[in-house]
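The values are calculated or read from the model by the stated rules, or taken from the named source; none is laboratory data. This one's a predicted model, so the numbers in the text were calculated from it and none came from an experiment. Here the Cβ positions follow ideal geometry from the backbone for every residue, glycine too, while neighbour counts run over all protein chains shown. These area figures cover heavy atoms from the full protein model, side chains too; ligands, DNA and RNA do not enter into them. Shrake-Rupley method; radii C 1.70, N 1.55, O 1.52, S 1.80 Å.
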Amino acid sequence: MATTSSDAAVTPPLTLGQRLATWRYVFNTANLPEGMTRPDWVSKWLVITRAAVFSMTATSGLIGALLAIGASRLTGEVSVDYGLLLLAVVGLVVAHAANNMINDYFDLEGGIDTDDYVRALYAPHPILSGWVTKRQLGVAILLVNAIDVAIMLALTAARGPLVIAFALAGLFVSVFYVAPPIRLKHRGLGEPGVFVVWGPLMVAGTFFVATGALPAWVWIASLPYAILVTTVLFGKHIDKIDADSRKGVRTLPVILGERRARLVAQGLMIAFYPIVVGAAVIGWIGPWVALVLLGLPRLVSTLRQFSTPRPDSPPHSYVGWPLWFVGGAFVHTRRAGGLLVLGLLLNVLLPVHLPGI
């Protein structure tokens, strides 16, 4: 039931601790706490920008940063500008916020997002929920993109036109992921687009901005985490496979069919581990990244989740239904990605050289 003005008048203001707890909940779930009907300004925009998934972008930026710092301190092949590095990571997160809002704007404009479509069921849709108007969302998109343009120009002044190439490539995928006439998601190209953006563009781009160099091994080192982020999108599109099929949205899971899509997602999750360990054995990155193997128990539970169809109803207190597979993929990605970042950090702080490398 909607909250009336009289209800609002007698509702006591939240304490700072309650606000922080609310923001933490929203950041973790992309939803308001149960029983909360009127979001404060911070909660509203955390939901609208889908800040709950910003950790994946921050992780890509950190991977690029730590690869750069490691190359600077351990081999001396590059030097790092920490100011430019920080600006690059901020730009990535702002671009992710823009991407999420662009997707909602054009999916609504194109008739995909409706009150009964999955997007409006697992979390409030910015416009369908009545939180903002279409014009207000458009203004927000222009604002965050203006911030990113300013960051791009500053980085270009320092590192040259290759920064623009990285930025425009990411913007192309961001806009035309759902925008006409290309609509990458509708043609089974959304998953490859995400792979390119969260791996080579973000990781290698951050490395380049930080150092002004782009050695070939960085491209390879960018791939493992790109694989993990792609599994999250696979999980989300498997969850939406029936709804997308009815809408004519041909994501890769729609093209492959649910069973094959679940198998592909499982294969991608598994592939992350030998690629990371192999890169350490070859000597491209330090051996501390073998810490990712501590993520194998989570991998096993996620593979088990992907081995069977989605249950008919959500477990008790489950948040985000009807999404199911994406949650497992996201938790696995957060765990494995966090361990990779920790390993890269230890490579910098406690360098170990394997015999013969």
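Tabulated results
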| item | result |
| --- | --- |
| Within the stretch 291-357, trypsin sites (Lys or Arg not before Pro) in DSSP loop having at most 16 other beta-carbon neighbours inside 10 Å | none |
| Inter-site label distance for Ser129 and Arg304 at 7 Å from Cα along Cβ, in nm | 3.3 nm |
| Of all accessible heavy-atom area on the chain, the percent that carbon and sulfur account for (1.4 Å) | 67 percent |
| Radius 13 Å from Cβ of Leu128, net charge of other residues (Lys, Arg +1; Asp, Glu -1) | -4 |
| Only Lys, Arg (+1) and Asp, Glu (-1) charged, at Cβ; the chain dipole about Cα centre in debye | 380 debye |
| The chain: relative contact order as a whole-number percent, Cα under 8 Å and 6+ apart | 19 percent |
| Sites Ile182 and Arg246 - FRET efficiency at Förster radius 22 Å, r taken between beta-carbons, to 0.05 | 0.50 |
| Residues in the stretch 225-239 reached by a label modelled at Leu294 [backbone nitrogen below 19 Å; 7 Å Cα→Cβ] | 225 |
| Where the chain is the region considered: accessible area per residue in Å², 1.4 Å probe | 46 Å² |
| Estimated inter-spin distance, Asp116 and Thr29, nm [label 7 Å along Cα→Cβ] | 2.7 nm |
| Two-site FRET efficiency, Ser79 against Ile282, from Cβ-Cβ distance with R₀ of 41 Å, rounded to 0.05 | 0.95 |
| Added length on full extension, which subtracts the Cα-Cα distance from 0.36 nm per residue, Leu263 to Ala21 | 83.4 nm |
| Cα centroid separation - the stretch 101-150 against the stretch 241-278, whole Å | 25 Å |
| Within the stretch 63-205: Cβ-based charge dipole about Cα centre, in debye rounded to nearest 20 (Lys, Arg +1; Asp, Glu -1) | 200 debye |
| Among Ser222, Ser129, Ser55: highest mean-square fluctuation, GNM of the chain, C-alpha pairs under 10 Å | Ser129 |
